[in-house]
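The values are calculated or read from the model by the stated rules, or taken from the named source; none is laboratory data. Treat the numbers as computed from the prediction; the structure is a model and nothing was measured. With ideal geometry, Cβ positions are generated from the backbone for all residues, glycine too; neighbour counts draw on all protein chains shown. The area values use the complete protein model at the heavy-atom level, side chains included, leaving out ligands, DNA and RNA. Shrake-Rupley method; radii C 1.70, N 1.55, O 1.52, S 1.80 Å.
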Amino acid sequence: MHLEDYAPGDRAEIGSHLFTADEILRFARKYDTQAFHLSEEAGLAGPFKGLAASGWHTSAVWMKLMIAFQTRMAKERMAAGLPVGRVGPSPGFRDLRWTAPVMAGDTLTYFSEVLGTRPSASRPGWGLLTARNTATNQHGVEVFAFTSAVFVGMRPAD
């Protein structure tokens with residue numbers, strides 16, 4: 001899609017992910033060696049009273065699911081004979097929040113909602129899409145949120 005195809009309030013479910021104990025431990029050993037992520041015993045003694053996933057793990061899963069979602073949407077548009085826009089780099093994000101722990105056995109469902117769009121002042125042919133990205137667990141509790149910005153190609157002039 002092109003920048004002009006997005007409107008504030010557009011919301012997409014980008015995917016779901018089950019956080020297993022083995023996966024939480026593997027991620028923590030490599031990337032977040034805080035004790036409460038490294039063993040069930042330490043997790044029980046820690047602030048979350050169980051094995052909790054790293055917030056960075058929940059963030060990395062969002063990125064994986066977002067790329068898969070964008071790829072699926074592009075393939076669907078191509079199959080329907082619709083144009084596929086360009087998605088560029090991100091100039092950053094803000095307001096990252098891990099609002100509730102993600103425990104072993106939790107399934108998170110990730111969403112992205114368009115907050116706004118605007119043409120880029122510095123990149124001709126591109127615009128900036130701002131979105132609120134969230135994840136909720138199987139109980140409907142929001143556990144993760146941040147506001148993203150990404151460059152999106154604008155529709156070519158006719």
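From the set of residues in region 129-147 that are open to solvent by less than 20 Å² (accessible area, probe 1.4 Å) and under 22 Å from A74 (Cβ atoms), which is nearest to the chain's Cα centre (by Cα)? Once the filter is applied, the top-ranked residue is N133. Tally up the residues in region 30-84 that are free of Cβ contacts under 8 Å to residues at least 60 places away in the same chain, of a type in the set (G, A, S) and within 30 Å of A12 (Cα to Cα), please. Residues in region 30-84 being free of Cβ contacts under 8 Å to residues at least 60 places away in the same chain, of a type in the set (G, A, S) and within 30 Å of A12 (Cα to Cα): 9 in total. Residues in region 52-69 that are out of contact with any helix residue (DSSP H, G or I) (no Cβ under 9 Å at 6 or more places or on another chain) and surrounded by 16 or more Cβ atoms within 10 Å (Cβ to Cβ): G55, T58, S59, V61, W62, L65, M66, F69. Given the conditions (1) in a helix (DSSP H, G or I); (2) closer than 14 Å to N137 by Cβ; (3) open to solvent by 50 Å² or more (accessible area, probe 1.4 Å), report the number of the one that E76 does not fulfil. Every condition holds for E76 apart from (2).
Scanning region 109-119 for residues that are touching a helix residue (DSSP H, G or I) at 6+ places or on another chain (Cβ under 9 Å) and crowded, with 16+ Cβ neighbours inside 10 Å turns up Y110, S112, T117.
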